[in-house]
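Taking it in order: structure first as structure tokens, then the write-up.
The values are calculated or read from the model by the stated rules, or taken from the named source; none is laboratory data. Computed from a prediction, not measured in an experiment: that's the story for all the values here. Here Cβ is always computed from backbone atoms with ideal geometry, including for glycine, and neighbour counts include all displayed protein chains. All accessible areas refer to the heavy atoms of the entire protein, side chains included, with ligands and DNA or RNA removed. Shrake-Rupley method; radii C 1.70, N 1.55, O 1.52, S 1.80 Å.
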Amino acid sequence: MAALTPVELHYHVNKLLSQYVECIDDDRLEEWPDFFVEDCLYQVVSRENADRGLPTAAMYCDSRGMLADRVVALRHANIYARHYYRHILSNVDVKGVQDGAIVVHSNYLVLQTLVEGDTKVFSAGKYLDRIVSTADGLRFARRVVVFDTYRIPNLLVTPL
Amino acid sequence: MNAIRDPALGHLAWPAAGGSRVPFGVFTDPAVYELEQQRLFRGESWSFVALEAEIPNSGDYKTTFVGDSPVVISRAEDGSLHAYVNRCAHRGAAICRELRGNVQNHLCVYHQWAYDLKGNLIGVPFRRGLNGQGGMPADFDMKQHGLQKLRVQALAGLVFATFSESVEPLEDYLGPMPRQAIERIMSRPIKVLGDQRQFVAGNWKLYAENTRDPYHASLLHLFHCTFGLYRSSQKGVSVMDAKHRHSMLTAMRGTDDGKLEDYQDTRTYNADFVLSDPSLLAGRQEFDDGVTLVILAVFPNLVVQQISNTLAVRQIIPRGVDKFELVWTQFGYADDDADMDLIRNKQGNLIGPAGLVSMEDGEAVEIVHRSIIRDQDKSSYIAMGGEQAKDAQHLVTEGSIIGFWEYYREIMGWAA
Ligand code: FES
Ligand SMILES: [Fe+2]
């Protein structure tokens, strides 16, 4: 990591972020936990709570196992309308390196398409990431999703 | 055919006496929705509006709704609670435009009429005119132009408001069963952990049914059932207050040994499903009575819940005949230690719009609402447990739903 130029760093971070959204949008959710280190934190929290410093999260997973459990539950347990996501990612900003992790902020828009074929804005928000270098490449140590769209249309089952 | 007392409802008939057949029109008819706002949400009922812990200090306020009427809940300098319609007495602008905040007084942005924390008018710009010109009429009396006030009352940290001058005091409105259930959960000071907001495309009463329905809970929510958080074969009760408007269902985890074969033919139980990180369900026993699940439905707009170690109030806000908002306010106890904080954070995965055991309820509402729109005179069939509004010491019943409908018919003006 230290050996990378800022431009190379930006390139690798962008690659990770792009592959992450493509994995979800292509519905390869079984691979989704692999973007994280084992001892990770993935938290989906409303802007309303984040701004008040309150902990209530829509999803709170502090291990890769909990991410995998979310996927198993949505494949085999939960009942919901079939849908697709399309993430639009923008404003990727590599803030710097802190305590051995690359700090990255970015914006997202998630469009949701239901079986009838209509597409709606489902969620708008921001990713606050800490990314680390591992033997397998860059991975998320921490990914906090702060969603502006805090009145969730019906339910949130597919991760953002 | 039953006599129908009210001509406004005359076009919609109930196919039978009681609450076990419900014509779908009650969920889809705009005229029914309008009458509910008058007779029910602005009638003889108390609506839940806040936790006291959300507005602990002088000047704290919260904006919310009673039915679909916007209201402000405020705490005054002397610690008293107040509720008023969020609508300026001048020309009707909203007084408070944030979800919550702290102010010394409320100032309408439009022409800056000022109100104190109790909703009294205390200032009108240019009241006596400028340079001898304009100004309010000589007989203008500030006391006559305060905000429209509601009665407000708190019980065990839960704040309720009503438009009615005549409804009984809150303790009596709730009755012993709901009061004890609330006091059990609110037994010591709480801390608010945050809100979740869910917008459901369906009539609010489909959710009122859902929260009085122990039958669905282990059949719709596979996650629940598989991990034994709730099964109909557990020890539990489904009980109502004397008027059948409020109801509570409880269950005790770990009391259903050997009963799992009952689920072998259903979609619901999946023995192959194991958690790779079981810490999600690790928790503590917080209540001596062994009850691990409580869903208390208080008529018309509140659910108080304990699901394992998650505690929450859910406020139902109708937003038109085919939409409602559900606001979950999650809380813990003020003296929770760091481990307990983590337990509540992790179990938070179970509830709310992304909840592993609760997300399906919004879905159930929507799939009903979409399917009934063209058949207002057809009706549902509610009979599990004997087609009667009866308490049960088990969970294989729809008795509380029938009780809800009987009370609803009466308050709305359909003959029983
Ligand atoms: S509408 Fe509020 S001051 Fe005029
Ligand atoms: Fe449910």
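Starting from the residue with the highest accessible area, list A:TYR60, A:TYR127 in decreasing order, probe 1.4 Å.
Working: A:TYR60 30, A:TYR127 0 Å².
Accessible-area ranking of A:TYR60, A:TYR127, largest first: A:TYR60, A:TYR127.
For B:ARG91 and B:SER164, what is the calculated FRET efficiency with R₀ set at 30 Å and r taken between the beta-carbons, to the nearest 0.05?
The value I calculate is 0.65.
Using only Cα atoms, tell me the angle between helix B:359-372 and the longest principal axis of chain B; keep it within 0 to 90° and round to the nearest 10.
With both axes taken from Cα atoms, the answer is about 80 degrees.
What FRET efficiency, computed as 1/(1 + (r/R0)^6) with R0 = 45 Å and r the Cβ-Cβ distance, is obtained for B:PHE287 and A:LEU89, rounded to the nearest 0.05? Don't skip to the answer; put the middle values down first.
Numbers: r = 45 Å, r/R0 = 1.01.
That gives a FRET efficiency of 0.50.
With a 10 Å radius around each residue's Cβ, average the other Cβ atoms per peptide and rank B:348-360, A:16-28, highest first. Working shown, then result.
Details: B:348-360: 25.8, A:16-28: 15.6.
In descending order of packing, they fall as B:348-360, A:16-28.
Going by average Cβ neighbours within 10 Å, how do the peptides B:188-199, B:296-307 rank, with the highest at the top?
Going by the mean number of other Cβ atoms within 10 Å, highest first, we get B:296-307, B:188-199.
Angle between the Cα long axis of helix A:64-76 and the longest principal axis of chain A, 0 to 90 degrees, nearest 10?
20
Can you tell me how the range B:1-73 classifies by the Cα gyration tensor, rounded, prolate or oblate, using a/c under 1.5 as the rounded cut?
Since a/c reaches 1.5 and a/b is larger than b/c, the shape of the range B:1-73 is classed as prolate.
Where does chain B land at 222 nm, in deg cm²/dmol rounded to the nearest 500, when only DSSP H runs of n ≥ 4 count, each adding -39500 (n - 2.57), divided by all residues?
Helix-only estimate at 222 nm: -5500 deg cm²/dmol.
If you place +1 on the Cβ of every Lys and Arg and -1 on the Cβ of every Asp and Glu, how big does the dipole about the Cα centre of the range A:1-146 come out, in debye to the nearest 20?
Computed charge dipole of the range A:1-146: roughly 320 debye.
For every helix of n ≥ 4 consecutive DSSP H residues, a contribution of -39,500 (n - 2.57) applies; sum these over chain A, divide by its total residues, and give [θ] at 222 nm rounded to the nearest 500 deg cm²/dmol. Working shown, then result.
On the way: 3 runs with 39 residues, N = 160.
-7500 deg cm²/dmol, from helical runs alone.
Per residue of B:217-230, count partner chain C-beta atoms within 10 Å of its C-beta, then hand back the mean as an integer. List each step's numbers first, then the result.
Values: counts 0, 0, 0, 2, 3, 5, 8, 1, 1, 3, 1, 0, 0, 0.
Taking the mean over all residues of the peptide, I get 2.
Would you check chain B for Lys pairs whose C-alpha atoms are within less than 26 Å, ignoring same-chain pairs closer than 8 in sequence, and give me the count?
22
Positive end of the dipole of the protein assembly as shown, charges at C-beta (+1 Lys, Arg; -1 Asp, Glu), about the Cα centre: which of B:ALA83, B:VAL200, A:LEU114 has its Cα farthest in that direction?
After comparing all options, I get B:ALA83.
No other cysteine beta carbon under 4.7 Å away is the test; run it over chain B and list who passes.
So, B:CYS96, B:CYS225.
Please label the shape of the range B:48-121 as rounded, prolate or oblate, based on the square roots a ≥ b ≥ c of the eigenvalues of the alpha-carbon gyration tensor (a/c under 1.5 means rounded; beyond that, a/b larger than b/c means prolate, else oblate).
Taking the square roots of the gyration eigenvalues as a ≥ b ≥ c, the range B:48-121 is oblate.
Relative contact order, percent, of chain A when contacts are C-alpha pairs under 8 Å separated by at least 6 residues?
24
Using the Cα gyration tensor of the protein assembly as shown, with a ≥ b ≥ c the square roots of its eigenvalues, what is the shape: rounded (a/c below 1.5), prolate (a/b larger than b/c) or oblate (neither)? The partial results should precede the final answer.
On the way: a/c = 1.79, a/b = 1.18, b/c = 1.52.
Here the protein assembly as shown falls in the oblate category.
Give the separation of the Cα centroids, the range A:132-160 to the range A:37-86, in Å.
If we compute the Cα centre of each part, the gap is 7 Å.
Let me have the relative contact order for the range B:99-149, percent, based on Cα pairs under 8 Å that are six or more residues apart.
This gives 27 percent for the range B:99-149.
Quick check: the angle from helix A:6-25's long axis to the longest principal axis of chain A, C-alpha only, nearest 10 degrees?
Here the helix axis deviates by roughly 20 degrees.
How high is the FRET efficiency between B:LEU275 and B:GLN144 when r is their beta carbon distance and R₀ equals 56 Å, given to the nearest 0.05?
0.35
Return the average number of partner chain Cβ atoms within 10 angstrom of each residue Cβ along peptide B:357-368. Please list the in-between numbers first.
Values: counts 3, 1, 11, 6, 3, 5, 7, 1, 1, 4, 2, 0.
Shielding by partners across B:357-368 averages 4.
How large is the convex hull of the C-alpha atoms of the range B:302-395 per residue, in Å³?
Here the figure is 147 Å³ per residue.
Where Rh is the Kirkwood radius over the Cα pairs of chain B, the temperature 4 °C and the viscosity 1.567 mPa s, what D in µm²/s does Stokes-Einstein return? Don't skip to the answer; put the middle values down first.
Details: Rh = 23.0 Å.
It comes out at roughly 56 µm²/s.
Taking 0.36 nm per residue of separation and subtracting the Cα-Cα distance, what length does fully extending B:ILE367 through B:ARG127 add?
80.9 nm
Which of B:ASP256, B:ASP289, B:ASP361 moves the most in a Gaussian network model of chain B with Cα springs under 10 Å?
Maximum fluctuation in the GNM of chain B, among the listed residues, is at B:ASP289.
Using a simple charge model, +1 on the beta-carbon of Lys and Arg, -1 on the beta-carbon of Asp and Glu, nothing else, what dipole does the range B:371-415 show about its Cα centre, in debye to the nearest 20? The partial results should precede the final answer.
Details: 4 positive and 7 negative charges, 21 e Å.
The dipole magnitude comes to about 100 debye.
Placing unit charges on C-beta atoms (Lys and Arg positive, Asp and Glu negative, everything else neutral), compute the dipole magnitude of the protein assembly as shown about its Cα centre in debye, rounded to 20.
On the way: 58 positive and 73 negative charges, 305 e Å.
Using Cβ point charges on Lys, Arg, Asp and Glu, the protein assembly as shown gives about 1460 debye.
Counting only the backbone N, which residues of the range B:120-150 are under 20 Å from the spot 7 Å out from the Cα of B:GLN112 toward its beta-carbon?
From the range B:120-150, the list is B:120-137, B:142, B:146-147.
Ignoring everything but the protein chains, give the 1.4 Å probe accessible area of B:LYS390 in square angstrom, nearest 10.
100
Using a 10 Å cut-off around each Cβ of peptide B:339-350, what is the average number of partner chain Cβ atoms that fall inside?
So the per-residue partner count for this stretch is 3.
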